[in-house]
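Visitor: There's a structure below that I have some questions on.
The values are calculated or read from the model by the stated rules, or taken from the named source; none is laboratory data. None of the values given here were measured: they were computed from a predicted structure. No Cβ is skipped: glycine too gets one built from the backbone with ideal geometry, and neighbour counts run over all protein chains shown.
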Amino acid sequence: MKQIIDCKIGDGCIIHENVDLYKCEIGSNTKVKSFVYIQEGVKIGKNCKIEPFVFIPSGVIIEDNVFIGPGVFFTNDMYPRATNSDWKIKNTIIKEGASIGAGSTLVCGITIGKLSMIGAGSVVTKNIPDRMLAYGNPARPIKEIND
């Protein structure tokens, strides 16, 4: 079963079963695998690949040609509470060509640079520059990617 409510979905997209999409935008030729939940206002570029069991909340922008590995979780609130009257979304941006490894968690308010790679299981709490391999908890830039 799929739940697709008020979304803009580009040509050639493949949306697998058990996906919930709410008022988001997905560019052409993007693949969204099963058990993915994408909230209102999320923008995903073209030619992206989003693997199973990914959570993408409001405030996330994913540019073109991005890979999101299985079990990746994004956040959008620095101080989450069950009730919070002055809650504000903190945006997260994943730049073109970046790859986020399986099981990673991305704390809100950061930018992952163009063509960067985040190693599996990382907890990303700070910006990662363009063309950088980063991993760990917290994720740290390890080396520049030159290919």
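Visitor: Exactly one condition in (1) farther than 17 Å from S58 by Cα; (2) in a loop (DSSP other than H, G, I, E, B) is false for C108; which is it?
Guide: (1)
Visitor: A further question follows. Could you list, in sequence order, the residues of segment 62-109 that are among the small types (G, A, S) and modelled with pLDDT under 95?
Guide: A82, S85
Visitor: OK, next. Quick one: which residue in I9, I15, I38 is under 27 Å from T125 (Cβ atoms) and crowded, with 16+ Cβ neighbours inside 10 Å?
Guide: That would be I38, the only listed residue that is under 27 Å from T125 (Cβ atoms) and crowded, with 16+ Cβ neighbours inside 10 Å.
Visitor: Continuing with the same structure: Which of the residues spanning segment 32-74 are within 16 Å of Q3 (Cβ to Cβ) and assigned to a strand (DSSP E or B)?
Guide: Residues satisfying the conditions are V32, Y37, I38, I50, F55, I56.
Visitor: Among (1) crowded, with 17+ Cβ neighbours inside 10 Å; (2) in contact with a Lys or Arg (Cβ under 7 Å, 6 or more places away or on another chain), which single condition is F74 missing?
Guide: Of (1) crowded, with 17+ Cβ neighbours inside 10 Å; (2) in contact with a Lys or Arg (Cβ under 7 Å, 6 or more places away or on another chain), only one is false for F74: (2).
Visitor: Give me a count of the residues in segment 7-27 that are part of a loop (DSSP other than H, G, I, E, B) and over 20 Å from D64 (Cα atoms).
Guide: Within segment 7-27, residues that are part of a loop (DSSP other than H, G, I, E, B) and over 20 Å from D64 (Cα atoms) number 2.
Visitor: Could you check segment 48-65 and list, in sequence order, the residues that are among the charged types (D, E, K, R) and either surrounded by fewer than 19 Cβ atoms within 10 Å (Cβ to Cβ) or under 17 Å from N91 (Cα atoms) (or both)?
Guide: Answer for segment 48-65, where residues must be among the charged types (D, E, K, R) and either surrounded by fewer than 19 Cβ atoms within 10 Å (Cβ to Cβ) or under 17 Å from N91 (Cα atoms) (or both): K49, E63, D64.
Visitor: Just to be sure before I move on: is K23 at positive phi, without any contact (Cβ under 8 Å) to a residue 60 or more places away in the chain and either touching an Asp or Glu at 6+ places or on another chain (Cβ under 9 Å) or of a type in the set (V, I, T) (or both) in the structure I sent?
Guide: Spelling it out, K23 is indeed at positive phi, without any contact (Cβ under 8 Å) to a residue 60 or more places away in the chain and either touching an Asp or Glu at 6+ places or on another chain (Cβ under 9 Å) or of a type in the set (V, I, T) (or both).
Visitor: Let me ask something else. Regarding segment 89-104, can at least one residue be identified that is out of contact with any Gly (no Cβ under 7 Å at 6 or more places or on another chain), among the hydroxyl-bearing types (S, T, Y) and either under 24 Å from V32 (Cα atoms) or in contact (Cβ under 8 Å) with a residue 12 or more places away in the chain (or both)?
Guide: Yes, the conditions are met somewhere in segment 89-104.
Visitor: So, in segment 96-147, of the ones that are in contact with a strand residue (DSSP E or B) (Cβ under 6 Å, 6 or more places away or on another chain) and among the polar types (S, T, N, Q), which residue ends up surrounded by the fewest Cβ atoms within 10 Å (Cβ to Cβ)?
Guide: N137
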